[in-house]
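Down below is the structure, laid out as structure tokens.
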Amino acid sequence: MGKGRKAFADPNSPLSEHQVWAILEPYWTELVSVFRHAGYPEPGKVARIQVDTTWRDSCRHFAGAAIDGSKLIVAPELADLPVPSIRGILAHEGGHFVDLGNPGRYWLRPLGSVNVRHGADVAVLWGGGSIKDDALVCFEKLPEKNLRKHLRDWSERGCDEVERVADVIAEIVIGQKIGYVGPPSCLIQTIGKGPSRPKGLR
Ligand SMILES: [Zn+2]
């Protein structure tokens, strides 16, 4: 490119924030609509979408949900991924927003250990049959007794549980599996193929 020519004349120049969001926005809008129709409005409450050129600190970090549920952060490189991965990553973040927007509600539990003390107030949303260690349970009503401890335990769930909860919520909502593809050191989400999220993936 000749000196003095504008950067946007180069077809290989990085996308601007507006261009990144122009590519991603239809997928996000569609996802928000699917979540809302399924009765999960939280991803639609996200106040801000931030394109952050510094976000991508590893080969597999393309997006993140702010812990207070206020914003979705995306790396510009997300716009370059295959569409199933864009959808898979955004659906996973949608799962985080549902989880984070409902403190104390969603847990992974070995199915056999679902606490019957809370009776009908605890719904098993996912899992069963031969699945013994990966059931998603939802506290429809938070326990009155020991509520502080319940919320503290929820906020201290391990990374594997938090990440898997996001995937399972997404899977329930979109009706498709969130799978992981790519080299073992750089697995990223996709939709409808690949194994579930392995433990320890960061
Ligand atoms: Zn995540």
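Any read-out appearing in this document is the output of simple, stated calculations on the displayed coordinates, not a laboratory observation. Every value quoted in this text rests on a predicted model; they were computed, and no experiment measured them. All Cβ positions, even for glycine, are placed from backbone atoms using ideal geometry, and neighbour counts span all protein chains on display.
Of note:
- Surrounding net charge for residue 55, when Lys and Arg each add one and Asp and Glu each subtract one, Cβ distance under 13 Å: -2
- Near residue 101, once Lys and Arg are set to +1 and Asp and Glu to -1 for all other residues with Cβ below 10 Å from its Cβ, the sum equals -1.
- Prolate/oblate/rounded label for region 47-112 (Cα gyration tensor, a/c 1.5): prolate
- Positive minus negative residues near residue 176 (Lys, Arg vs Asp, Glu; Cβ under 10 Å): +2
- Amide H contacts of residue 135: 109, 111, each under 5 Å away and 5 or more positions distant or on a separate chain (H built 1.01 Å from N in the peptide plane; Pro and chain starts excluded).
- The protection proxy used here, the mean number of other Cβ atoms lying within 10 Å of each residue, ranks peptides 144-151, 161-168 as follows, highest first: 161-168, 144-151.
- Note on the chain: dipole from Cβ charges, positive end direction compared against 91, 190, 126; the farthest Cα belongs to 126.
- For the chain, lysine pairs with C-alpha atoms less than 27 angstrom apart, excluding pairs fewer than eight positions apart on the same chain, total 15.
- For the chain, a/c is not less than 1.5, where a ≥ b ≥ c are the root eigenvalues of the C-alpha gyration tensor, and a/b tops b/c. That puts it in the prolate class.
- Estimated [θ] at 222 nm from DSSP helical runs (n ≥ 4, -39500 (n - 2.57)) normalised by residues in the chain, nearest 500: -10500 deg cm²/dmol
- Under 5 Å between amide hydrogens, built in the peptide plane, is the criterion, and for residue 75 it picks out 52, 63 among residues at least 5 positions away or on other chains.
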